[in-house]
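Each remark here refers to the structure printed beneath this line.
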Amino acid sequence: MLWDVDHTLLDAGGTGIELIRAAFTEMFGRDFPHTPSLAGRTDRAIQLEILTRSGVPDPQAQLPVFQELVAGLAPQLGGLVQESGRALPGAAQALAALATLAASRDGSSGPSPDGRLVQSVLTGNMRATARAKLAALGLDQHLDLRVGAYGDAHEIRAHLVPLAQARAAAAYGADFAGQATVLIGDTPLDIEAARLTGSRSVGVATGQFSAAELAAAGAGAVLPDLTDTARVLRAIVPRDIVPC
């Protein structure tokens, strides 16, 4: 189970882009003139667009240094998220319920072939910023963040899926390919990443896209939000292992 972070589990109150803005100002001594579209995109893609459209020479070469600077500022993010952000309704309960279900089944049945129910993230956030946001709002305790995939690894979200699957396979000794993985997110790019990799998808209409738009993008299931925990479990784990 790979959760998106922003607008699926939490609302960071715009602090993520402000961290990137602070890093840009520190590195180049000015603000960037254009704020790109953010929804569903990886930080790597967003940062490359910012560097390119700001006229930074050889943005690909500058990107590693810029990402290092953003990661170095990430510890500041926790306090900002606590002040301006919030966990979305039902998110903590959904994570806890899935963790309880995983523990109760003890690997006897579940999404992966050997029955593993593992929760992590597939997020456009850089690793450092994802960890800071989740920890600030107490949403990290049921997530194995070692085996997730993060937006500093690739510009294209779908390319993060096999990375997360390989990490989970190495950590748990199980095969998470194809339908053994489910992506939960609030944008059509989350749904596209699942479709392109043969994974399952659950759309959550808590961001800027409606339930109808997520369904049209091909989501296997669509939720209005995460407040109905039993419904969330049935959507994510569509087998006879969810208590009625």
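The values are calculated or read from the model by the stated rules, or taken from the named source; none is laboratory data. Just so we're clear, the structure is a prediction, and the values are computed from it rather than from any experiment. Here the Cβ positions follow ideal geometry from the backbone for every residue, glycine too, while neighbour counts run over all protein chains shown. Note: accessible area is taken over every heavy atom of the protein model, side chains too, but ligands, DNA and RNA are not part of it. Shrake-Rupley method; radii C 1.70, N 1.55, O 1.52, S 1.80 Å.
Data for the structure
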quantity	calculated
Residue 117 vs. criteria at pLDDT below 95, crowded, with 18+ Cβ neighbours inside 10 Å and aliphatic (A, V, I, L, M)	yes
Count of residues meeting criterion [outside any helix (DSSP H, G or I) and either open to solvent by less than 60 Å² (accessible area, probe 1.4 Å) or touching a helix residue (DSSP H, G or I) at 6+ places or on another chain (Cβ under 8 Å) (or both)] in the range 163-216	23
Candidates 237, 232 - the one that is open to solvent by less than 10 Å² (accessible area, probe 1.4 Å) and either over 22 Å from residue 40 (Cα atoms) or among the hydroxyl-bearing types (Ser, Thr, Tyr) (or both)	237
Index of the failed condition, residue 117 passing every other in (1) in contact with a Pro (Cβ under 8 Å, 6 or more places away or on another chain); (2) within 23 Å of residue 209 (Cα to Cα)	(2)
Residue match in the range 68-86 (condition: more than 28 Å from residue 213 (Cα to Cα) and basic (Lys, Arg))	no
Residue among 193, 216, 211 that alone is within 22 Å of residue 143 (Cα to Cα) and modelled with pLDDT of 95 or more	193
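Each row is one residue, and each column tells you yes or no for (1) hydrophobic (A, V, I, L, M, F, W, C); (2) within 18 Å of residue 120 (Cβ to Cβ); (3) in contact with a strand residue (DSSP E or B) (Cβ under 7 Å, 6 or more places away or on another chain).
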site	(1), (2), (3)
182	yes, yes, yes
201	no, yes, yes
209	yes, no, no
228	no, no, no
